[in-house]
Amino acid sequence: MKATIRDLFGIGPNYPIEVKEGNHPMVPKVKSYIFRPGAMSDLMAWFLASKEPLLITGPTGSGKSSLVEQVAARLGQPLYTVPCHGQADTVDLFGRYVVRNGSMQWADGPLLAGIKDPAGAWVLLEEYDTLPPGVFVSLNALLEGRRFILPETGELVDPAANGARIICTGNTTGVDDTGGEYAGVLRQNQATMGRFVVMEVGYASPPEEEEVLIKHFPMFPRERIKVMTRVATLVRERYITGDMPVVFCTRTLLRWVYLTEFFKKKEGIGGDDWTSPLHHALDRAVGFKYNPTVREALHEIVQRVCGA
Ligand SMILES: Nc1ncnc2c1ncn2[C@@H]1O[C@H](COP(=O)(O)OP(=O)(O)OP(=O)(O)O)[C@@H](O)[C@H]1O
Ligand SMILES: [Mg+2]
């Protein structure tokens, strides 16, 4: 079935693209989502004009994973997620022998299962930059779409056979974690990193972020959403200038909103004044992770923005 980019994502050109049909179990569920023009145009350029894998980099909670998930959902695209970590080995990616019915049988790992899916899947390596570099290098042939033999089984795997596409997300570009804020990320092999189309997903602009919040909490008053988004923006500005260590991502902001909504109803915290649950929820959303001085500075920003 064909549908236009504009019909599918609410933005972009009236350019028709293929939407996969059927009830494939690996197609993510459609959720409310705001597709941002910059990220969408980069993602569509990769999808429509490139055959190479894609690297999506950007700060935590900016919307990397959810973008891939929600684009896949609307394209009817099966999505296999591979959670990466520092102890991951090739067996975690490709597969292993397991005992089944009393005998050893080969079980494909999520990466291989995605590559071999006849429906032509997207394979998403989450936090790819935590992988040991040697393990990531072992994917070079696969990243180039070249056929390889699986040593354990002798199986010939052709990554191009089904039209599978590889996407990696991470908080760094694999060069290094310059700020040191993402523990566990590793400098990756530059030859491997050279095989990717790269796009960056930064934090949404304040109007975009307000839209995201409205999508998630349509009943929450708009002027409060404005206030809370403004606080997040100011905290991020202070983080960039080195004046505040608080990471205030979209994920945190969403948590702050729903906790404010919850505590509003709680006796002794709620009542007519919304600023009391606002402050109470702020600590539970993010403040308690930091020392009392930082926490106080956070609450001062809230006071300044909403005058309470
Ligand atoms: N444009 C958007 N529309 C709706 N929700 C969004 C949008 N962007 C981010 N979110 C929400 O913000 C949260 C964080 O997004 P996501 O998990 O995609 O971030 P991430 O960049 O992958 O973070 P990390 O680097 O920590 O993995 C999710 O709950 C997601 O649904
Ligand atoms: Mg993510």
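The values are calculated or read from the model by the stated rules, or taken from the named source; none is laboratory data. As the structure is a prediction and not an experimental result, all values here were calculated from the model. As a convention, Cβ positions derive from the backbone with ideal geometry for all residues, glycine included, and neighbour counts pool all protein chains shown. Surface areas here come from the heavy atoms of the whole protein model, side chains and all, with no ligands, DNA or RNA. Shrake-Rupley method; radii C 1.70, N 1.55, O 1.52, S 1.80 Å.
Within segment 128-151, the presence of at least one residue that is touching a helix residue (DSSP H, G or I) at 6+ places or on another chain (Cβ under 9 Å) and among the hydroxyl-bearing types (Ser, Thr, Tyr) is confirmed.
The condition of being in the same structural domain as residue 261 (by TED's automatic domain parsing), more than 16 Å from ligand 2 (Cβ to nearest atom) and not aliphatic (A, V, I, L, M) holds for only one of 224, 187, that being 224.
Tell me, which residue of segment 148-177 that is free of Cβ contacts under 8 Å to residues at least 12 places away in the same chain and outside any loop (DSSP other than H, G, I, E, B) is least open to solvent (accessible area, probe 1.4 Å)? This residue is 148. If only residues of segment 73-105 that are among the hydroxyl-bearing types (Ser, Thr, Tyr) and under 14 Å from residue 150 (Cα atoms) are counted, the one that is least open to solvent (accessible area, probe 1.4 Å) is 90.
When segment 106-147 is filtered for residues that are within 16 Å of ligand 1 (Cβ to nearest atom), assigned to a helix (DSSP H, G or I) and open to solvent by 20 Å² or more (accessible area, probe 1.4 Å), only 130 remains. For residue 200, the test of being in contact with a strand residue (DSSP E or B) (Cβ under 7 Å, 6 or more places away or on another chain), within 16 Å of ligand 2 (Cβ to nearest atom), open to solvent by 60 Å² or more (accessible area, probe 1.4 Å) and closer than 28 Å to residue 34 by Cα is passed. For segment 281-308, which residues satisfy the criterion of being assigned to a helix (DSSP H, G or I), modelled with pLDDT of 95 or more and polar (S, T, N, Q)? If the condition is that a residue be assigned to a helix (DSSP H, G or I), modelled with pLDDT of 95 or more and polar (S, T, N, Q), then 293 is the only one that fits.
Among the conditions (1) under 19 Å from the mean Cα position of the chain (by Cα); (2) of a type outside the set (Phe, Trp, Tyr); (3) within 23 Å of residue 28 (Cα to Cα), the only one that residue 52 does not satisfy is (1). Going through segment 103-150 one residue at a time, which ones are of a type in the set (Lys, Arg), in contact with a strand residue (DSSP E or B) (Cβ under 7 Å, 6 or more places away or on another chain) and within 21 Å of residue 193 (Cβ to Cβ)? Selection gives nothing.
Please verify whether segment 261-269 includes one or more residues that are buried (at least 17 other Cβ atoms within 10 Å of the Cβ), within 16 Å of ligand 2 (Cβ to nearest atom) and either touching a residue at least 12 places away in the same chain (Cβ under 8 Å) or in the same structural domain as residue 60 (by TED's automatic domain parsing) (or both). No: segment 261-269 contains no residue that is buried (at least 17 other Cβ atoms within 10 Å of the Cβ), within 16 Å of ligand 2 (Cβ to nearest atom) and either touching a residue at least 12 places away in the same chain (Cβ under 8 Å) or in the same structural domain as residue 60 (by TED's automatic domain parsing) (or both). Just to be sure, is residue 69 among the acidic types (Asp, Glu) and within 16 Å of the chain's Cα centre (by Cα)? So residue 69 fits the description; yes. For segment 58-72, taking the residues that are open to solvent by 10 Å² or more (accessible area, probe 1.4 Å) and more than 9 Å from ligand 2 (Cβ to nearest atom), the one that is modelled with the lowest pLDDT is identified as 59.
Can you confirm whether segment 98-107 contains a residue that is within 16 Å of ligand 2 (Cβ to nearest atom) and out of contact with any helix residue (DSSP H, G or I) (no Cβ under 6 Å at 6 or more places or on another chain)? Looking through segment 98-107, none of the residues is within 16 Å of ligand 2 (Cβ to nearest atom) and out of contact with any helix residue (DSSP H, G or I) (no Cβ under 6 Å at 6 or more places or on another chain).
Of the residues making up segment 240-264, those that are in contact with a helix residue (DSSP H, G or I) (Cβ under 9 Å, 6 or more places away or on another chain), aliphatic (A, V, I, L, M) and assigned to a helix (DSSP H, G or I) number 4.
Residues in segment 210-223 include at least one that is open to solvent by less than 20 Å² (accessible area, probe 1.4 Å) and over 30 Å from residue 180 (Cα atoms). Of all residues in segment 1-36, exactly one satisfies the criterion of being open to solvent by 40 Å² or more (accessible area, probe 1.4 Å), in contact with an Asp or Glu (Cβ under 7 Å, 6 or more places away or on another chain) and either of a type in the set (S, T, N, Q) or within 16 Å of ligand 2 (Cβ to nearest atom) (or both), namely 36.
If the condition is being closer than 20 Å to residue 4 by Cβ and either at pLDDT below 95 or among the acidic types (Asp, Glu) (or both), then segment 42-57 contributes only 42.
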